[in-house]
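A.B. asks: Quick one: this structure, given as structure tokens, is what I'll be asking you about.
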Amino acid sequence: MKRLFWMGVGGVVAVTALRRARKTLQPVTRVAGPVTGWVGAVRQVGQEFRTTMAGHEAELKKAFIEDIASPENPAPDPRRPAAPSWAGRLDHEDDDHEPYSF
């Protein structure tokens, strides 16, 4: 019975606190209308910036690929990763010494 009583008291306190908070915050929410419009405008500018940036990045990539591509050096396949820097140096036939000799 005590638990039920204290649960009821807690519910009344919670409802009262929410009502007072709404009354207190109501004048602030009237000001929020123009602020939300401003936030939407900032989001729209950010989205336009990202879209423009992606377009410029694509143009730069295309120009870079065209610049380095030639008949002797064809454009790399974007689906294939680049070869590691050590890929051409696997043969050690020209080594005159053994690195671990004692």
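A.B. asks: With labels modelled as points extended 7 Å from the Cα through the Cβ direction, what inter-label distance (nm, one decimal) is found for Arg22 paired with Thr51?
C.D. replies: Taking the simple label geometry, Arg22 and Thr51 are separated by 3.9 nm.
A.B. asks: So how far apart, in nm, are the two label points at Met1 and Lys61 if each is 7 Å from Cα heading toward Cβ?
C.D. replies: Label-label distance for Met1 and Lys61, simple model: 7.5 nm.
Coordinate-derived values only; no laboratory data. Nothing here was measured: the structure is a model prediction, and the numbers come from that model. No Cβ is skipped: glycine too gets one built from the backbone with ideal geometry, and neighbour counts run over all protein chains shown.
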